[in-house]
Amino acid sequence: MHNKTIAELSRGLREGDFSSEELTRHFLERINRLDNSLNSFITVSEELALAQAKQADAQIAAGEVGALTGIPLAQKDIFCTDGVKTSCGSKMLDNFIAPYNATSVEQLNAAGTVMLGKTNMDEFAMGSSNETSFYGAVKNPWNTDTVPGGSSGGSAAAVAARLTPCATGTDTGGSIRQPAALCGVTGLKPTYGRVSRYGMIAFASSLDQGGPLTRTAEDAAMILGVMAGFDERDSTSIDTPVPDYTAGLNDDLNGLKIGLPKEYFGEGLDSGIGDAVHAAIDEYKKMGAEIVDISLPNTHLAVPAYYVVAPAECSSNLSRFDGVRFGYRCEDPKDLEDMYKRSRGEAFGAEVKRRILIGAYALSSGYYDAYYLKAQKVRRLISADFKQAFESVDVIMGPTSPTPAFGLGEKADDPITMYLSDIYTIAVNLAGLPGMSIPAGFVNNMPAGLQIIGNYFEEAKLLNVAHKFQQITDHHQRTPAGFE
Amino acid sequence: MEWETVIGLEIHTQLASKSKIFSAASTAYGAEPNTQACTVDLGLPGVLPVLNKEAVSMAIKFGLAIDAEIAPRSVFARKNYFYPDLPKGYQISQFELPIVGKGSLTIELDDGGTKVIGVTRAHLEEDAGKSLHEDFHGMTGIDLNRAGTPLLEIVSEPDMRSPQEAVAYMKKMHSLVRYLQISDGNMQEGSFRCDANVSVRPKGQQEFGTRTELKNINSFRYVERAIEFEVERQIELIENGGEVVQETRLYDPDKGETRSMRSKEEAMDYRYFPDPDLLPVEITTEMLERGRQSLPELPDAKKQRFISDFKLSEDDAALLTASREMADYFESVIEITEDPKLSANWIMGELTGFLNKENREINDSPVSAGMLAGMILRIKDNTISGKIAKEVFEAMWAGEGEADAIIDSRGLKQITDSGAIESVLDEIIAANPKQFEQLKGGKDKLMGFFVGQVMKQTQGKANPAQVNELMKKKLEA
Amino acid sequence: MSLDKHDVEKIAHLARLAINEEDVPTYAQNLSSILDLVEQMNSVNTDDVEPMAHPTDAVQRLREDEVRETNQRERFQKIAPQVENGLYLVPRVIE
């Protein structure tokens, strides 16, 4: 059952080949048996999952079925879940049980899905290797000596290892796409404002966006259809109708204009990844797509601008973690200041602290113009690059990550090298565009990801482009050894 | 040396919306601690702010009323600092692009003149919660009911030159926000409070002296006293060779002094930046038009109308327009009585006196505008005299009902039957023949004696004018 | 831009973060190299560029002024470190 896609499982449930409870027990059993080697889950919500599965079975029996009724999935531990711990990968929230659901959780619950548990992640989504989690690093199922990417590393690893058919993720600078690439799964970051941020613990509010990690583009289309939509509780949510993302999956790609930015194929790109991406683009040519060489001239400024904007917003967003109303409070504070400093000092990890410090510095008196304002201006330039590119192309393609999964601990002590692993994904967040990563091939038995970037609200186009590729390739069907 | 005082005020007024500025929790005052603090007000992880339309409309109304520029696009920013009553670790406020730009307000001075005080800006922001310092085994208790209540911060230019001007400005602003019905202005509950920036300079000097900021003053009396104290402190300091330090000071009303809270060196670095959870606020021409149409007649215009339409004196008009409630009361009364002068006298005299004595607002006066008007009508049609009316008023205040019922039940109706008055008068003349002769002989002072006797005999119910009239006839006879 | 020990301590205070004395040099070094990375922004002239705070051009939506929240104090305070009589308790605040 675990090798089936959501679309296949959905048919099986409706046709009575198996019940949601059977399916749920099957995945729970796999998690219990196999996750020790991966550490992809922080919480397994067995009791809730079985209750939801039974309810789904009753609905199926009564004929009240949606496409996702009874489908098990996992939520990244950044989405607040009423009654189930939401840690955000941090000691700060190790005791935090939200008294509300994130909108995405609410929507997926309403669609009849079954929550298996909460997946591991970099602390407060700050990281590209899933090594900053308070709950320990997640391992890449393709090679457990390597990282799964981050910050949605638990979600990507769990989907790759067939511990769940789907998991949610969030993407602030590549946190869905990069782990999807490193773990060989399909990940979609929607247009900023397409998926509600309500109840999704904020890292950098103007960049964060939730989305699905699945095996196939078709599955992603089904999940996105539920997650997307206007939410009056999120001021940045956009009130645009949600199309049926599955409707155009098989549209013909003849004449599709694919832009290849020269900046995405330069120095620093692993040659194996480059080959895999070029091979994938050749497949598109065969399908009748037209390749257009383009330039995104400010690409090299994306990482620098991002490391001002994201930390600035995070330094402020994380101020609410002060030990007063929820979360960790240090033992025996001697005064108010001691309570603040020790609670935050003891409960935040090194990477989170680094980013809070950088952000506070960039906003502080005397430095605001040189750092924060400058970064906002550079952001405009980066966004304008894309705007211009989309005047002549339908989608932009390139590698998701410059290298395949790297070794555990390899970059952990060098923040700069780590930051550069998001070099191709970060600009998309700064511009607020939708982006996907799909399995494009393998380099030394490790997955390579193809990134597809679309214009605003063109998720359906991305899914169509991804789906057509998956119809003629089988990279997305390969399973890591030991998880067949 | 002669010194000049320079004062600028920052007034924080709570807006009278039903729900909070960024959440749907109630703003009602006085609830049990933390029962009106929802997830957004508590700053729980993942929750987000959504702006209240009413708060924006109220800010627009205010801006229009002080003739200010309303920003077509304004931006909310985060003011970052840690404090236990500030749940998110930042206050959502406005910094670079406030909703209301430059405007002005005219104040009346003690010498009868007027002065225009510039308003630099007014911006929307959220209020913080409250720290309760009573003893919880040496700890502080935090109540976040107030957190998220909408505030309009009104920043003046440093245009005031005396504590009295500052008070006049604060009072005028207080009256304005109540006229506009954008705030209840309740100072005891903290709905209207101010910070004062105070400095002194030698008279004639152009540049400003170093200023101090006096925090959180919540009464007209305190603003005057706090500034007076601070001005004296600064002058004394300079005259003794010292220097004023730029700092934040707290006014202690019990001791009647200001004391240092923090100096400029320790000044907070608030790290303002645009709030990424909120988008720019766009004020459309339709919103402005709606704001314009919803504007009530403003105090100055109302005062002028009272002077020209009702022939009231400048002072009377000023008193009657000091609050919207007072002006509305007056207009309701004259609609019935059609006698502005007599109505104004009763409102400013008896009614205000009773209100002050019991420390009541005109809105909860036991004598409604209709009741007062009913009584004034009885004065006008000679049913009662002005003197009797005071008794009637007191009875109405005590809850004995409408004027007519009281006049009836107490038998206060004026005697207007001239036959009845004449017979009383005849009796009195007969009893006092000597005095009558003297009066006839030209001792006019005795007129009062006879009238007084009649009034006494009739328990005040005789119409004094009528008594006079009859007496004159008797003398001529 | 190179940050020294003193800078790190100053920012750490601003952000209310306790940092172990012995870790300060590492933070100073890390933060300095992040700033070096960030300063690559200076290679481009942005004098006439309008800052971009949001990825979209949308404007703020306004909520109707309605009270829709009810008292959930008990539920919310269940996750609080220390409460008494409905109040959140913190070490004494001195004004």
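The values are calculated or read from the model by the stated rules, or taken from the named source; none is laboratory data. Computed from a prediction, not measured in an experiment: that's the story for all the values here. Every residue, glycine among them, receives a Cβ derived from its backbone with ideal geometry; neighbour counts consider all protein chains shown. Just the protein is used for accessible areas: all its heavy atoms, side chains included, with ligands, DNA and RNA removed. Shrake-Rupley method; radii C 1.70, N 1.55, O 1.52, S 1.80 Å.
Numbers at a glance
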| quantity | calculated |
| --- | --- |
| Within a Gaussian network of chain C (alpha carbon springs, distance under 10 Å), most fluctuating of C:67, C:24, C:44 | C:67 |
| Karplus 3J(HN,Hα) series, Hz, for the range A:320-334 with 6.51 cos²θ - 1.76 cosθ + 1.60 (x for Gly, Pro) | 5, 8, 10, x, 9, 10, 6, x, 6, 10, 5, 6, 6, x, 7 |
| Distance-filtered residues of the range A:224-243 - backbone nitrogen under 12 Å, label point 7 angstrom along residue B:290 Cα→Cβ | none |
| Cut-off of 10 Å, at most 15 other beta carbons, DSSP loop: longest stretch of chain C lacking such trypsin sites (Lys or Arg not before Pro) | C:1-67 |
| Chain B: DSSP helices with Cα axial extent of at least 15 Å and average Kyte-Doolittle hydropathy no lower than -0.5 | B:53-65, B:163-179, B:220-239, B:324-337, B:369-380, B:386-397, B:418-431, B:446-457 |
| Rounded Å value of the spacing that divides the Cα centres of the range A:323-354 and the range B:384-462 | 83 |
| Overall Cα dimensions of the range B:418-476 - principal axes, largest extent first, Å | 29, 20, 18 |
| Estimated distance in nm for a label pair at residue B:332 and residue C:64, the labels positioned 7 Å out from Cα along Cα-to-Cβ | 3.0 |
| R0 of 60 Å, Cβ-Cβ distance residue B:136-residue B:106: FRET efficiency to nearest 0.05 | 0.80 |
| Under-5 Å amide H pairs with residue A:43, H placed in peptide plane, nonlocal only | A:118 |
| C-alpha center-to-center spacing [the range A:396-448, the range B:101-177] in angstrom | 53 |
| Square roots of five times the Cα gyration tensor eigenvalues for chain B, Å | 57, 27, 21 |
| Inter-chain shielding of A:420-432 (mean C-beta neighbours from other protein chains, 10 Å cut-off) | 1 |
| Helix-only CD estimate at 222 nm, as mean residue ellipticity for chain A, using -39500 (n - 2.57) per DSSP H run (n ≥ 4) | -11000 deg cm²/dmol |
| Phi-based couplings in Hz for the range A:253-270 (Karplus 6.51, -1.76, 1.60; Gly and Pro marked x) | 9, 4, x, 4, 9, 9, x, 10, x, 4, 5, 8, 10, x, 4, x, 7, 4 |
| Filter on A:76/A:468; A:76/A:377; A:76/A:341; A:189/A:257; B:413/B:473 - keep pairs with C-alpha separation over 30 Å | A:76/A:377 |
| Highest average packing first - A:283-291, B:440-448, Cβ atoms within 10 Å | A:283-291, B:440-448 |
| 0 to 90° range, to nearest 10: angle between helix C:24-38 axis and chain C longest Cα axis | 70 |
| Net dipole in debye of the protein assembly as shown [+1 Lys, Arg Cβ; -1 Asp, Glu Cβ; about Cα centre; nearest 20] | 1040 |
| Peptides A:236-249, A:180-193 ordered by average Cβ neighbours within 10 Å, highest first | A:180-193, A:236-249 |
| Dipole in debye (nearest 20) - the range B:418-476, about Cα centre, beta carbon charges: Lys, Arg +1; Asp, Glu -1 | 180 |
| Spin-label pair residue B:73/residue A:271, simplified geometry with 7 Å Cα→Cβ offset, distance in nm | 5.0 |
| Within chain B, helix-based [θ] at 222 nm, where runs of 4 or more DSSP H residues each add -39,500 (n - 2.57), nearest 500 | -12000 deg cm²/dmol |
| 10 Å Cβ neighbours from other chains, averaged over peptide B:125-134 | 2 |
| In sequence order, calculated HN-Hα J values of the range A:125-138 (Karplus, 6.51, -1.76, 1.60; Hz; x Gly/Pro) | 6, 9, x, 10, 9, 6, 9, 8, 5, 4, 8, x, 5, 9 |
| Signed unit charges on C-beta, dipole axis of chain B, positive-most listed residue B:274, B:294, B:92 | B:294 |
| With Cα atoms, 0 to 90° folded angle of helix C:5-14 axis to chain C main axis | 30 |
| Mean Cα-pair separation over length for the range B:218-303, i.e. relative contact order, pairs under 8 Å, 6 or more apart, % | 19 |
| For the protein assembly as shown, with +1 on Lys and Arg beta carbons and -1 on Asp and Glu, the positive-most of A:226, A:148, B:405 along the dipole | B:405 |
| Of B:440/B:472; B:130/B:357; B:357/B:390, those spanning more than 21 Å from alpha-carbon to alpha-carbon | B:130/B:357 |
| Segment residue B:260-residue B:164, extension gain: residue separation times 0.36 nm, minus the distance between their alpha carbons | 32.2 nm |
| Gain in span if fully extended, residue B:382 to residue B:210, counting 0.36 nm per residue against the direct Cα distance | 55.4 nm |
| Cut-off under 5 Å, modelled amide H: who pairs with residue C:83 long-range | C:89 |
| Compactness relative to 2.2 N^0.38 Å, alpha carbon Rg of the protein assembly as shown | 1.21 |
| Residue A:142 - accessible surface, heavy atoms, 1.4 Å probe, Å² rounded to 10 | 40 |
| Residues with amide H under 5 Å from that of residue B:117, placed H, sequence gap 5 or more | B:105, B:106, B:107 |
| Given charges at Cβ of Lys, Arg, Asp, Glu: the protein assembly as shown dipole, positive-most of C:79, B:212, A:463 | C:79 |
| Long-range tail of P(r) for the range A:143-190 (Cα pairs > 16 Å, %) | 23 |
| Residue C:75-residue B:449 pseudo-label distance in nm [points 7 Å out on the Cα-to-Cβ vector] | 8.8 |
| Two-decimal log10 I(q)/I(0) for chain A, as the Debye equation yields it once each C-alpha is a single scatterer, q = 0.06 Å⁻¹ | -0.23 |
| Mean Cβ count within 10 Å, highest first, over the residues of peptides A:61-71, A:338-348, B:171-181, A:310-320 | A:310-320, A:338-348, B:171-181, A:61-71 |
| 10 Å Cβ neighbours from other chains, averaged over peptide A:186-196 | 1 |
| Centroid-to-centroid separation of the range B:254-331 and the range A:233-280 [C-alpha atoms, Å] | 54 |
| Taking the convex hull of Cα positions in the range B:253-394, its mean projected area over all directions (nm²) | 16.1 |
